[in-house]
1. If one computes the Cα centroid of the range 282-309 and of the range 67-128, what distance in Å separates the two points?
2. Using a 1.4 angstrom probe with every protein chain in place, what is the largest-first accessible-area order of THR209, THR155?
3. For LYS268, give me every one of the aspartates and glutamates with a C-alpha distance below 19 angstrom, ignoring sequence neighbours fewer than eight places off in its own chain.
4. Taking only Cα atoms and a 10 Å spring cutoff, compute GNM fluctuations for the chain and point out the largest among VAL29, VAL110, VAL147.
5. Do the sum for the chain: with -39,500 (n - 2.57) for every DSSP H run of n ≥ 4, divided by all residues, what is the mean residue ellipticity at 222 nm, to the nearest 500 deg cm²/dmol?
6. Please report the relative contact order for the range 73-209, taking Cα pairs under 8 Å with a sequence separation of at least 6, and give it as a percent rounded to a whole number.
7. If each residue of separation counts as 0.36 nm, what is the full-extension length gain between TYR126 and ARG223 once their alpha-carbon separation is subtracted?
8. List the aspartates and glutamates whose Cα sits under 13 Å from the Cα of LYS2, skipping any in the same chain fewer than 8 residues away.
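The values are calculated or read from the model by the stated rules, or taken from the named source; none is laboratory data. The shown structure was predicted, so the numbers you read here are calculated from the model rather than taken from an experiment. Ideal geometry is used to build each Cβ from the backbone, glycine not excepted, and the neighbour counts take in all protein chains shown. Keep in mind that these areas ignore ligands, DNA and RNA; they rest on the heavy atoms of the full protein, side chains included. Shrake-Rupley method; radii C 1.70, N 1.55, O 1.52, S 1.80 Å.
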Amino acid sequence: MKIAVVGAGAMGSILGARFARGGHDTVLVDVVAPLVKTINAEGVTVVRGEEETTTPVPATTDPTSIGPVDLVVFFTKCYHTAGAAESARPLVGPETVVASLQNGWGNGDVLAGVYPEEQIVVGVTYNSGLVQGPGRVVHPADQPTIVGSFAEGPTDDAGPARLAQALTDGGLEASVVSPVRPEIWKKLILNAATLPTAALTGMNAGALTAHAPVHDLVSETAREAVAVARGLGYEIDAQERIDAIHALLEKAGPSKASMLQDFEAGRKTEVDVINGAVVHAAEGQGMAVPLNRAFVQLVKGWESMRGLE
């Protein structure tokens, strides 16, 4: 397949390298010209422990230089999705699969405002990455990715299957599910409970579950978000989510959450589509979610003090 990955940050670079190593004609698209120049000169280097793998992947700032592809995967920050979707129009033909594996809730809706919803695939990945420098990222371990059709009701799984195949060709675990929205909420619950908690405390993944008071805060924030998801009709078990979250945190150990990375880099966060999405869904049901609301307010306060609003 011919594949374009829009956003050459940590996860975009990791997936771009995996697609290329899986034999696909892959290009990275990013608005940061120095990053694109470095990737074109040096490739993408993925670090795991003591092992480093460098993969040549062409990169560009100009989607018109590529033309329509078979698969476009968006991996920008959520607040760049709308602009990225518009700029990526030259990449998308009538048969192109348009996919989002981004954090949070609502990226699929943004893409559906630009492209036909029957072409859109959404999902979640439990892979994580940390940028060490331009074109150089840490990928601690292979984790599963779950994808499905954005359109609700009876759908053709050809699009999700195309994305899953590209991922498995690159050596990553991927599965297609229908409906996929409960899986997105499961990841949203994980993120809501752990990302702002890590950012505001400075704790890595392992510390979040090892420190008893914070362990309890993660659990109660997750329980609050599960109640909202269940109110929307998603049959998600609270204790299963809580147990899975703490098991994942323990396994992730020294890894840093993406929002903690945002704090350390002085970047705007994605709290609006994470805890903010939980708050918005709760308001529609007349539910109180004081922990998720407090996290939104605290993170927004941090952003305000740094002129990031």
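1. First find each Cα centre; the distance between them is then 26 Å.
2. THR155, THR209
3. Filter leaves ASP30, GLU303, GLU309.
4. Ranking VAL29, VAL110, VAL147 by mean-square fluctuation puts VAL110 first.
5. Estimated from H runs of four or more residues: -14500 deg cm²/dmol.
6. Here the relative contact order equals 19 percent.
7. 32.9 nm
8. Correct list for LYS2: ASP25, ASP70, GLU95.
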